[in-house]
1. Which of the residues that make up the stretch 231-249 are touching a Leu at 6+ places or on another chain (Cβ under 8 Å) and crowded, with 20+ Cβ neighbours inside 10 Å?
2. Closer than 21 Å to H222 by Cα and either touching a residue at least 24 places away in the same chain (Cβ under 8 Å) or of a type in the set (D, E, K, R) (or both) - does that describe any residue in the stretch 127-141?
3. May I ask you to list pairs of residues, at least six apart or on different chains, whose Cβ atoms are under 9 Å apart, with the first in the stretch 244-258 being at pLDDT 95 or above and the second being among the basic types (K, R) and part of a helix (DSSP H, G or I)?
4. For the stretch 162-175, give me each residue that is buried (at least 24 other Cβ atoms within 10 Å of the Cβ) and either modelled with pLDDT under 95 or out of contact with any Asp or Glu (no Cβ under 8 Å at 6 or more places or on another chain) (or both).
5. Looking only at helices (runs of 4 or more DSSP H) that fall completely inside the stretch 64-129, which ones have 3 or more residues that are farther than 26 Å from A46 by Cα and in the same structural domain as A47 (by TED's automatic domain parsing)?
6. Which of the following residues is surrounded by 21 or more Cβ atoms within 10 Å (Cβ to Cβ), within 26 Å of G124 (Cα to Cα) and of a type in the set (S, T, N, Q): S180, S217?
7. Quick check: is even one residue across the stretch 115-133 among the small types (G, A, S), more than 14 Å from the chain's Cα centre (by Cα) and closer than 30 Å to G176 by Cβ?
Amino acid sequence: MARAIVAACSAAFVFLIGAAGASADETVTIAATSAQCQAPKPDDVAAPVTPSVAAGTAAVNNKNYALADANFRPLAEKGDVEAERAMGQFLFMNCTGLQDKAAAVDWLSKAADADNIPAATQLGIAYMNGDGTAQDDNKAFALLTKGAAAGNPGAERALGYLYLYGRGVAQDRYVGMLWSIKAGQRADATALSNIGGAYFRGDALPQDNTKAAYYISVALLHAAPADIPRFTLNRNSVARMLSEDDMQYQAKRAKDWAPGPNSLTEVIQDAARRRNQGSWASAAQGEK
């Protein structure tokens, strides 16, 4: 999920909202909702004697989507919170032949009501984008605040977006950037790309093409394969403003970056400096 932001220099840099974000204990990766496919519904399979979320997850990874459904569904229908979360995330996936976003929202809602943070985060993003449900920035803000408070990087990143653009909350670009930074400190590649974009646009951070090149290079090093094409588009936008030698130097520097609580101190300082400058640069929001 993305929104194109038009920079003052007329070059485009894609601001990515992203999916919920994976953490070590999450088991189902959600495919990008913009992907197009015509996957047929898979043939039914016999219900496992002992269904489990772990077995369903393994089936997803093996692209055996009927078996995944057969593992997740009976547990979810019995009220197993992890299975409800997994079922919701599974039904959001593309190219399975079983995608049902409205049902996904229902399952995620059940899990979120039981304080499952990954489910609350994905549900918040669904409300933010009107994906499988009516758009509701207030519900998105409440759910993402909950997820961000628990340290979910996808929630931190998306909450930062809401603050940056004043959706569901009064606009505060400084607070929005701080939430993006929190996600970036956890090596969330989309958040790191968004930091590069903020430097490129000069809105929530001071305009600096060199730092933009550096942080998009860091993002590329930590990106999932599916995100590399989008991040590469961002790199290409920055590359129009710098020499190839400069771009290569920043890419080399990026290899030494490591996540952690002090990994983005420079960005925190620059966010405060940009806030103190006042009169935020305006940025036009393009298509989702």
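The values are calculated or read from the model by the stated rules, or taken from the named source; none is laboratory data. Predicted model only: the values in this text are computed from it and were never measured. Positions of Cβ are generated from backbone atoms using ideal geometry, with glycine treated the same way; all protein chains shown enter the neighbour counts.
1. Selection gives F231, R235.
2. No - not one qualifying residue is present in the stretch 127-141.
3. Once the first residue is at pLDDT 95 or above and sits in the stretch 244-258, its partners that are among the basic types (K, R) and part of a helix (DSSP H, G or I) give M247/R235; Q250/K211; A251/R235.
4. L164
5. Result: 101-113, 117-129.
6. S180
7. Checked the stretch 115-133: at least one residue is among the small types (G, A, S), more than 14 Å from the chain's Cα centre (by Cα) and closer than 30 Å to G176 by Cβ.
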